[in-house]
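Where a number appears in this text, it was derived from the coordinates with a stated rule and is not lab data. These numbers come from a predicted model, not from an experiment. A quick note on method: Cβ atoms are made from the backbone with ideal geometry, for glycine too, and the neighbour counts reach across all protein chains shown.
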Amino acid sequence: MNTEMIPAIDVREGCVVRLQQGDYNRQTTYAMDPLSLAQDYSAQGAQVLHLVDLDAARLGGFSLHTLLNAIKRSTRLRLQAGGGIRTREHLIALFEAGAERAVIGTLALTEKAKVKSWLQEFGAEAITLAFDVRTDARGIWRCASHGWTELEPDSLDDTIGFYRSCGLKHLLCTDIARDGLLGGYNLELYRHLQTRWPDLAVQASGGVSQIADVRAIKAMGVSGAIIGRALLEGRFSLSEALSC
């Protein structure tokens, strides 16, 4: 399988930012315009962009519709966007603004019946479930919630199994221990997901810092690789990642 390189743009208060391990108090702000950055990624050859509304992720209600629509109109990027999606109306507004796929995170853990109904209504291609995970004391992968302070009682595999029964296809999985820390992708995690769930289109996220990380994840054949901080800090270019 060809691994798609997916640049990520996280936006807070209109600025491009990155958080370390999801902590809003450990934020790095970059002197970049989100729209111009998206256009630059498109010019370098990106096909897909991952756009996150960090304000809405805390408060609810995705708010970057104008930006999303501007990116859609000025590039050929396919847009995967999320942050704060709580209702069916939020979901519809996101699609109307130009998103091909909506990213659902917290709600997929706290309101499974609702998210299941969305998968059935809008189809598997329209929704990416995003789980931030860590291992428990027994080494079992579990999804974290409540600002990554609590682990859900169900294992990651149990949660995936629930959604596979209603057609889940796209899964974005982040190892909390590596997010924003430039330590490389957790290959063990993605190897587990590919073995246990070979039909899922898995997107790897968290920790990429050098081209060697990109080569390693591409060699595994996962569906997509999210790249954030490494691009913002110029550790390598998107065009370099695409040409690996």
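Overview of values
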{"item": "Alpha-carbon Rg/Rh ratio, for region 4-242, with Rh computed the Kirkwood way", "result": "0.93"}
{"item": "Computed over region 36-167, Kirkwood Rh from alpha-carbon pairs, angstrom", "result": "15.6"}
{"item": "Global form of region 37-91, assessed from the alpha-carbon gyration tensor, a/c cut-off 1.5", "result": "prolate"}
{"item": "Residue-span extension gain [A212 to R73] - 0.36 nm each, minus C-alpha spacing", "result": "46.7 nm"}
{"item": "Pairs of lysine residues in the chain - Cα separation under 23 Å, sequence separation of 8 or more or cross-chain", "result": "4"}
{"item": "Trypsin sites (Lys or Arg not before Pro) within region 1-107: DSSP coil, no more than 11 neighbouring Cβ in 10 Å", "result": "R76"}
{"item": "Overall dimensions of region 102-244 by Cα: Rg and Dmax, Å", "result": "15.1, 42"}
{"item": "Percent antiparallel among DSSP beta bridges (both partners in the chain, rounded to 5)", "result": "30"}
{"item": "Size of charge dipole - the chain - debye, nearest 20, with Cβ of Lys, Arg +1 and Asp, Glu -1, no other charges", "result": "280"}
{"item": "Long-range Cα-Cα pairs in region 1-47 (distance over 12 Å), rounded percent", "result": "65"}
